[in-house]
1. In whole Å, what are the extents of the chain along the principal axes defined by its C-alpha atoms, from largest to smallest?
2. Picking from Thr120, Ile130, Gln75, whose Cα lies most toward the positive end of the charge dipole for region 71-141 (charges on Cβ: Lys, Arg +1; Asp, Glu -1)?
3. Highest first, please rank the peptides 206-213, 443-450 by the mean number of other Cβ atoms sitting within 10 Å of their residues.
4. Report the semi-axes of the equivalent ellipsoid for region 14-134 in whole Å, largest first, where each axis is √(5λ) for an eigenvalue λ of the Cα gyration tensor.
5. Based on the mean of other beta carbon atoms within 10 Å per residue, what is the order of 137-150, 36-49, 300-313, 381-394, most packed first?
6. For region 211-334, which semi-axes, largest first and in whole Å, follow from the square roots of 5 times the eigenvalues of its Cα gyration tensor?
7. Using per-residue counts of other Cβ atoms within 10 Å, averaged over each peptide, order 230-243, 458-471 from highest down.
8. Using +1 on the beta carbon of Lys and Arg, -1 on that of Asp and Glu, and nothing else charged, what's the dipole of region 1-122 about the Cα centre, debye to 20?
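We did not get these values from a lab; they are worked out from the coordinates using the rules stated. Given the structure is predicted, the values throughout are model-derived calculations rather than measurements. Here the Cβ positions follow ideal geometry from the backbone for every residue, glycine too, while neighbour counts run over all protein chains shown.
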Amino acid sequence: MQEKEQRSDPTLIQGGMGVAVSNWELARAVSLTGQLGVVSGTAIDVVLVRRLQLGDIGGHMRRALADFPYPHMAQRIIDRYYVEGGMDCDASHAPTMVLSHEPSQAEVELVVVANFVEVTLAKEGHTGRIGINYLEKIQTPTLPSLYGAMLAGVDYVLMGAGIPRAIPGILDRLQEGLPVELPLHIVGAQRDDEFVSRFDPLSFGGGDIPWLNRPKFLAIVASTTLATMLARKSNGHVDGFIIEGPTAGGHNAPPRGKLPLNERGEPVYGPRDAVDLAAIAELGLPFWLAGSYGSPEKVRDAIELGATGVQVGTAFAFCEESGFRGDIKQLVLKQCRQGQPDVLTDPLASPTGFPFKVLQIDGSMSDATVFEQRTRVCDLGFLRQGYRKEDGTVGWRCPGEPVKAYVHKGGALDDTVGRKCVCNGLLANIGMGQRRHGSELEQPLVTCGNDVASIVQFLKSPEATSYAAADVVERLLNGIAPPNAIGSSLLSTSME
């Protein structure tokens, strides 16, 4: 095996945001600067299907599919989903539910291939590093997702929204081509129950396993206790931590102890929620700080505190290369120019039960009127929860699904109050919202960090209407010595 070139860890990690907001184009653009570009692995199988149905503009999906090491699998996906010229504007996207704990071969193939495609495109034509971000809460696709990303040579795996102590060992076994399993969180599970997700690389490939490298694993945490536990008790090596504060976009860890709310109904964080960075440093592993670190001053502060660097999401979320719809980017930039963005930390919105940052935009799902008018439907299910049925089998439910269905499955009525359909809203953010009954179109649900107003600093002039990922990197690292000089050589290998 040819070992990967040893290099210093990056100063800047681009956050793995939303569903394909951190797409391959954004990650590639960041990687070309010498920093760590990250693609979002959330619902990436749905994204691949919808890109193919929309006609695969630019032919990028089919180009990456042509490199998949099992061509017959890639061809099956093209034959099933590709629509030449794109589907009709009033047509519905193909139904694509999240994997069950006992998926079919075709469902597993789609997840493996989708992760391979996204990472392959992000790494295309250069030697920079690419990471992929997953949510520990979304468990059933995790094993085939990791394998697909590793087939494409992913350099880093990032995971938060839970306690990913099993992932380092899983990466070790996948590197060796060995079967892996992941214990599933099932509500009501009994001591003798064995609820696991399994994946066997040898079986998947029909006896053929390409050689794999193990990516570095970075756990996204919000407490010293969790970081310490993962460093000491994970079933494999943790390569570092991203310490995420409560002002970061997307899902936030809830405050410790009782959940106090302010006058807007937002969780209130206090001294108990502060992370002891000295204790983190004593673990002897690299760490990055996240949550309102999108300025040169905050980057310098983080390094002075002993961090390797920072993870930044919001600054990249609205740049030219990100997956957000163009009209959303323009609207958010307009709000920021006027100093009017309003980010609400909603303790109820997400079916996960974690607080969730929602940017208030008229006409989106964050608009109370739009939300109340939405017909509840759960046809993606990435945030659904497993529960033990009376017969000992696994059932699935989501607080965002139709209320009667959720309660019928044993869920508490109170759990449904205020829940938003995050899955469908995030796909609408990137122009892939589902259309139902010929006219009803899913509305976006935009998430970002509290410091979104600061994105105007990346505009080159007062008249500018957009900025690029490279503009973000240039400004954030202004005056900061790079850990190595690799970034300067990457641009020369980029594709025209």
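1. Each principal axis gives a Cα extent; for the chain these are 61, 58, 52 Å.
2. Final value for the positive-end residue is Ile130.
3. 443-450, 206-213
4. 23, 16, 15
5. Highest-to-lowest ranking by the protection proxy: 36-49, 137-150, 300-313, 381-394.
6. Values: eigenvalues 140, 95, 45 Å².
So the three semi-axes of region 211-334 are 26, 22, 15 Å.
7. Most protected by this proxy first, the peptides run 230-243, 458-471.
8. Numbers: 9 positive and 15 negative charges, 47 e Å.
I would put it at about 220 debye.
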